[in-house]
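Some notes on the structure that comes next.
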Amino acid sequence: MTTTPPAAPAPQAGEVRTIHLSELLKRPITDGGGQSLGRLSDVVVRLRGSELPLVIGGVVSVAGREVFVPLDQVSSFDGEVLQLSSAKIDLRHFERRPGEVLLRADVLGHRLIDVETAHLIKAADLELEERDGEWVLTGVDTQRRRGWLSGLFGRDDVEHEQHSFREWAAFEPLIGHASSAMLRGPFARIRRLKPAQIADLLEDASKEEETEILGHVHADPELEADVFEELEEDLATRLLGARTDAEIAEVLSRMRADDAADAVAELPQARRQPVLDLLPPGQRTKVLTLMGFNPTSAGGLMGVDFLALAPSTRVSAALAAVGQSETLQPEALTSVHAVDEDGYLRGVAHLVTLLQADPDAALADVSDDDPVRVGADTDVVDVAVLMSDYNLITVPVVDERRHMIGIITVDDVLEVTLPSDWRRREAAQPPDAYVGDGP
C-alpha cells in the first residue's frame, strides 16, 4: 500500500517561500505513487554571473548510485517528502557540468570570503528562496547556534536552531571547481578588496583555498603583483617558488623594484640568476642595484623610482609632471626633487608647497635647499627616528657627493619597524577603519 505524502502548505498572498539546505538534505524522494526512491544528498545550482544562483535540481542516492533529478520533475520542492511528478528518472551516475555547484559538497561547511570584512568564514547553512517561480540561493548563515532554552536545559528539542542569514551577494565562494570558478568571471567579487586584504586572506587560507584565490588574482597581473608585495615574506617565497622561472619573472616585473629585490633574495641560490635574466632590462638593473645594499640599511629599504626635475622647472610644469607620473608609487609623489644635470640634489618641494606656490615660480625657489637626507648605509631605525622627528612622509637617499640614488617612503619604514606580530595580528581591518559609513 502506498501513501501520498503531505503537500507543502500553499503560500499566503505576499508570503515568501524559503527553506534551509540543512532541512532539505536527506529528505525522502518518492515516485508519483509514493514509492520510496531514495534520499536527497545534495542540491545543484547553476551560477549566473551577478544574478543569484539558480536551483536546477538535486542529487539523489538511489540504490547506492548518485543520480540527478531536475527540479521541474519535483512536485513540491519544500515539502516534507519530495515527490516526483514524472514516472521516469535518469539512472546514469551524476556528473556536474561547467557552472554547476553542489551546495552540500562545495559550500556547506566550507569557507567563503566575506567581502565586507575580508575574512574567511564558514558556511553553517544556506537559505533558498522562491522568486518568480524559480528557487534561488539567497543567503548564508555563518553563525548558526542553538536556541538559548536548549543551552539552558541541555535539550535539543526545546527550540529550533537559530539562524542569522546574510545575503549571498556579500560572499565569494571558494568552490575549487575550475569550470565553476571561471563562470564567475575574472577574480569576481575579490576585486573589491585591497591588495593587503587579499594578502591577509592568503595568509589565513588552506592550500586549496590559496590555489583558488590566486587563480582569481592571476586574472589581473597588476593586482597580482600588488598582492605579492603585501604578502608575508615566507609565504611569498613559497608561492613564488612553486612557479616556473618565467612565471616568477612575470610577477616580479610588475612589482616595485625594492619588493622585487627582496623576493629574488629569498629565492634559492640556484634560481636567482635565471629569474634575473628573464626580467626586463630596466627592472633587472634596479633589482641588481638594490640587492647590493644591506637589507637593514636605507639602501636596502629605498625605492629607486622618484620624481626628479631640473631646478629651473616651473611650478606649473612640476605639478603637471606629478599628474602624469602614473607608474610611480603615490606615496613617492608627495615630494618633487630638484636635481641638476649632474644628479646633485638641489632641494625638495612638498606637493602642498607646490600647490600653494606661484605657478610661474622656479622649482628651486620653492624647494627646501637643505632637506633632511640619509646615506645608503644609514640604519633603518635611524631613518625611522629622522622621519618621526621631522614629520616626513619621504626622505631622499644620497651618496657621499649628494647625488640622489633613491627615496624612502613612510610605509616602507612602518613595514620594517612594526613588530611582526603586530603587522599581521588580525586578518581584518581595525573596527574604526571606515567610520562614518553608516550603522
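The values are calculated or read from the model by the stated rules, or taken from the named source; none is laboratory data. Everything numeric in this text was worked out from a predicted model, so none of it was measured. We place every Cβ from the backbone using ideal geometry, glycine too, and count neighbours over all the protein chains shown. Remember, those area values only see protein heavy atoms, side chains included, never the ligands or the DNA or RNA. Shrake-Rupley method; radii C 1.70, N 1.55, O 1.52, S 1.80 Å.
Among the candidates 293, 306, which residue alone is over 31 Å from the mean Cα position of the chain (by Cα), crowded, with 16+ Cβ neighbours inside 10 Å and within 27 Å of residue 416 (Cα to Cα)? Don't jump to the end; show me each part of the working.
Values: 306 fails: over 31 Å from the mean Cα position of the chain (by Cα).
Checking each option against the conditions leaves just 293.
Just one of (1) at pLDDT below 85; (2) closer than 29 Å to residue 232 by Cα; (3) crowded, with 17+ Cβ neighbours inside 10 Å trips up residue 180, so point out which.
Tallying (1) at pLDDT below 85; (2) closer than 29 Å to residue 232 by Cα; (3) crowded, with 17+ Cβ neighbours inside 10 Å, residue 180 fails exactly one: (2).
Filter segment 393-413 for residues that are under 32 Å from the mean Cα position of the chain (by Cα) and open to solvent by 30 Å² or more (accessible area, probe 1.4 Å) and give the result. Before the answer, list the steps.
Initial filter on segment 393-413 (under 32 Å from the mean Cα position of the chain (by Cα)): 393-395, 406-413.
Result: 393, 410, 411.
Can you tell me which of (1) at pLDDT 90 or above; (2) of a type in the set (A, V, I, L, M); (3) at positive phi is the one residue 202 doesn't meet?
For residue 202, the exception is condition (3).
Those residues that are open to solvent by 100 Å² or more (accessible area, probe 1.4 Å), within 14 Å of residue 309 (Cα to Cα) and touching an Asp or Glu at 6+ places or on another chain (Cβ under 9 Å), I need them from segment 324-364; list them, please. Break it down into steps so the answer makes sense when it comes.
So in segment 324-364, the residues open to solvent by 100 Å² or more (accessible area, probe 1.4 Å) come out as 324, 326-327, 341-342, 346, 355-356, 360.
Within this subset, residues satisfying the condition of being within 14 Å of residue 309 (Cα to Cα) are 324, 341-342, 346.
Passing the criteria: only 346.
So which pairs qualify, if the first residue must be in segment 352-377 and farther than 14 Å from residue 316 by Cα, the second must be in a loop (DSSP other than H, G, I, E, B), the Cβ gap must be under 6 Å, and the two must be at least 6 apart or on different chains?
Correct list of pairs: 372/390; 376/293.
Of the residues that sit in segment 20-72 and are in a helix (DSSP H, G or I) and among the hydrophobic types (A, V, I, L, M, F, W, C), which one is surrounded by the fewest Cβ atoms within 10 Å (Cβ to Cβ)? Show your work before the answer.
Quick first cut of segment 20-72, residues in a helix (DSSP H, G or I) only: 21-24, 71-72.
Okay, now just the ones that are also among the hydrophobic types (A, V, I, L, M, F, W, C), so 21, 24, 71.
Values: 21: 19, 24: 20, 71: 17.
Among those that are in a helix (DSSP H, G or I) and among the hydrophobic types (A, V, I, L, M, F, W, C), it is 71.
Among the numbered conditions (1) under 36 Å from the mean Cα position of the chain (by Cα); (2) farther than 14 Å from residue 173 by Cβ; (3) of a type in the set (Val, Ile, Thr); (4) open to solvent by less than 40 Å² (accessible area, probe 1.4 Å), tell me where residue 81 comes up short.
(1)
Does segment 317-336 contain at least one residue that is on the phi > 0 side of the Ramachandran plot and out of contact with any helix residue (DSSP H, G or I) (no Cβ under 6 Å at 6 or more places or on another chain)? Before you say what the answer is, go through the steps one by one.
Pass one, segment 317-336, residues on the phi > 0 side of the Ramachandran plot: none.
No: segment 317-336 contains no residue that is on the phi > 0 side of the Ramachandran plot and out of contact with any helix residue (DSSP H, G or I) (no Cβ under 6 Å at 6 or more places or on another chain).
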